[in-house]
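Everything on this sheet refers to the single structure shown next.
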Amino acid sequence: MVADYNDASSFKNLIASIPRTIPDFLDSTAYHLNTLWLFTESDFMTTMVPISIFAIVAAPLTSLHSIPPHDETNKPDRPLPAGRITLRAAIILRWTLMPMCWALSLTYSKEVMFSSMALSVFTAMYNELGGSGSHFMIRYALNGLGFAAFEAGTTLVARHDKSCLDTAGWLAIFLSASIFATTIYAQDFRDVVGDSLIDRDTIPLRFGSPSRTVLLLGVLAWSIGLSYIWDIDPYSAVAFTALGGYAGWRFVKHTTVEEDRKSYFYYNVWVSVALLLPGYWRLFRATAV
């Protein structure tokens, strides 16, 4: 009888705890999902959105069915400095997700998987092997190569034939990677405080104010060059170059960290438009060739 009483009490306690358990479970789930989001939040507008746009337009335009489904000082809201996750747990998560991404990529094609693997290699070189803190040329070259691998994979996913890219697709990826490799240091102006604390070799820290003028000139040169390569009409070319000029001018004119964050936003708008240009060529020029 004692056993039956205890069993009944345990069952009642279990039932009584359910209303408290469900909200706790939902809160815990929301917390961890938010932690995952915070790992990538700052890269969403600067990476995911532009490259998703790029993939759609760099692949031959076929149908909507080909569109792919979709540091404590500098970024204190990231999960590690914010204390949302331990370093050990973050490392386990990072290396667990990698083979899962490869497996998902393989469902499209082995070429997509190879692109994913290449991205993983460049990421490891940048992070674990110290590429981000080595000579600035290595740092920015790895940035460009990483974007190239990312874009190759997403463009393959966007294509009807997911095993190869055409000449225009490869050209678009090469130009995009080159843009990132030569101008991505725009993001380092907003992070100079944190970068200086760890002696990271960046163009803004190494060359100072003159690098702002070089960025302006670089963005203008790319705007003119891309307008010519993708054969866009004169009015669009002027508008695109003006956008790039404004984004670059802001870095020269406004030099506070807060203003650099705003200028970086306009830089990303310019990059997003630059990544759309292969689509313009496919839509208006390729059919006329």
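The values are calculated or read from the model by the stated rules, or taken from the named source; none is laboratory data. A quick note: this is a predicted structure, and the numbers were derived from the prediction, not measured. Cβ: placed from backbone, ideal geometry, glycine included. Neighbour counts: every protein chain shown.
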Q. Of all the residues that make up segment 204-253, how many are polar (S, T, N, Q), part of a helix (DSSP H, G or I) and more than 18 Å from Ile179 (Cα to Cα)?
A. 1
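Please indicate, with yes or no, whether at least one residue in segment 192-206 is among the small types (Gly, Ala, Ser) and touching a Phe, Trp or Tyr at 6+ places or on another chain (Cβ under 9 Å). Break it down into steps so the answer makes sense when it comes.
Quick first cut of segment 192-206, residues among the small types (Gly, Ala, Ser) only: 194, 196.
From the residues that got through so far, the ones that are touching a Phe, Trp or Tyr at 6+ places or on another chain (Cβ under 9 Å) too are none.
The answer is no, given that none of the residues of segment 192-206 is among the small types (Gly, Ala, Ser) and touching a Phe, Trp or Tyr at 6+ places or on another chain (Cβ under 9 Å).
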(Q) When you scan segment 99-108, do you find a residue that is part of a loop (DSSP other than H, G, I, E, B), at pLDDT below 70 and not aromatic (Phe, Trp, Tyr), even just one? (A) no
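Using the structure shown, decide if Thr182 is farther than 21 Å from Trp281 by Cβ, among the polar types (S, T, N, Q) and assigned to a loop (DSSP other than H, G, I, E, B).
So Thr182 does not fit the description; no.
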Q: Select from segment 83-131 the residues that are under 18 Å from the mean Cα position of the chain (by Cα) and more than 27 Å from Val157 (Cβ to Cβ) and list them in ascending order.
A: none
Q.
Of everything in segment 187-213, what is among the hydrophobic types (A, V, I, L, M, F, W, C) and buried (at least 17 other Cβ atoms within 10 Å of the Cβ)? Give them in sequence order.
A. Phe189, Val192, Ile203, Leu205
(Q) surrounded by 14 or more Cβ atoms within 10 Å (Cβ to Cβ), under 22 Å from the mean Cα position of the chain (by Cα) and at pLDDT below 95: is that true of Val257 in this structure? (A) no
Q: Can you tell me which residue within segment 223-236, out of those that are crowded, with 18+ Cβ neighbours inside 10 Å and of a type outside the set (Ser, Thr, Tyr), is nearest to the chain's Cα centre (by Cα)?
A: Leu226
Q.
Condition (residue is among the hydroxyl-bearing types (Ser, Thr, Tyr), out of contact with any Cys (no Cβ under 7 Å at 6 or more places or on another chain) and part of a loop (DSSP other than H, G, I, E, B)) applied to segment 266-274: is it met by at least one residue?
A. no
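What number of residues within segment 131-153 satisfy the criterion of being in a helix (DSSP H, G or I) and either among the small types (Gly, Ala, Ser) or out of contact with any Phe, Trp or Tyr (no Cβ under 7 Å at 6 or more places or on another chain) (or both)?
So the first thing to find is which residues in segment 131-153 are in a helix (DSSP H, G or I), and the list is 131-133, 136-153.
Remaining after also requiring either among the small types (Gly, Ala, Ser) or out of contact with any Phe, Trp or Tyr (no Cβ under 7 Å at 6 or more places or on another chain) (or both): 131-133, 136-139, 141, 144, 146, 148-150, 152-153.
Number of matching residues: 15.
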Q.
With the structure loaded, tell me whether Leu277 is under 24 Å from Phe150 (Cα atoms) and part of a helix (DSSP H, G or I) or whether it fails that test.
A. yes
